[in-house]
Amino acid sequence: MGSNVLFGLYALPVYLLAGTPLSALIVKVINQKSFKAKVTRYFTNFVLYGLAGVISAFVLIMILAIAENELYLIGQDLGAYMLYGITASLIYYHIWLLVSEKKQF
């Protein structure tokens, strides 16, 4: 339980500080493009939000490695952190889709 709280102290600010600008950038890029099919728009957003999750997770890994002063953390848990980052960003994307669809009706 204690390690989860400590992890959250590092992870939450990183996901908020990295995820918010990345999400804004994705929305800006997507709005500049014209998509004829909603499916194309969905999958483009899906890939971009997944990539944003990878970037956010990598930032978190670097911060944790610097804080612990142990660079072996980078290779040791890289896959798990990337999976957490992708999962978090895709959950955010789908919640955003649900909220934005409700506002349109």
Can you pull the one-decimal nm distance between simple spin-label points at HIS94 and THR44, each 7 Å off the Cα toward Cβ? 2.2 nm
Scalar couplings 3J(HN,Hα) for the range 85-97 by Karplus 6.51 cos²θ - 1.76 cosθ + 1.60 (θ = phi - 60°), nearest whole Hz, x for Gly and Pro, are x, 5, 4, 4, 5, 6, 5, 4, 4, 6, 5, 4, 4
Which of the chymotrypsin sites (Phe, Trp or Tyr not before Pro) found in the range 14-51 are in a DSSP loop and have at most 13 neighbouring Cβ atoms, other than their own, within 10 Å? PHE35
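Bear in mind that the values in this text are calculations on the coordinates, not laboratory data. Given the structure is predicted, the values throughout are model-derived calculations rather than measurements. Neighbour counts are summed over all protein chains in view; Cβ atoms, including those assigned to glycine, are modelled from backbone coordinates with ideal geometry.
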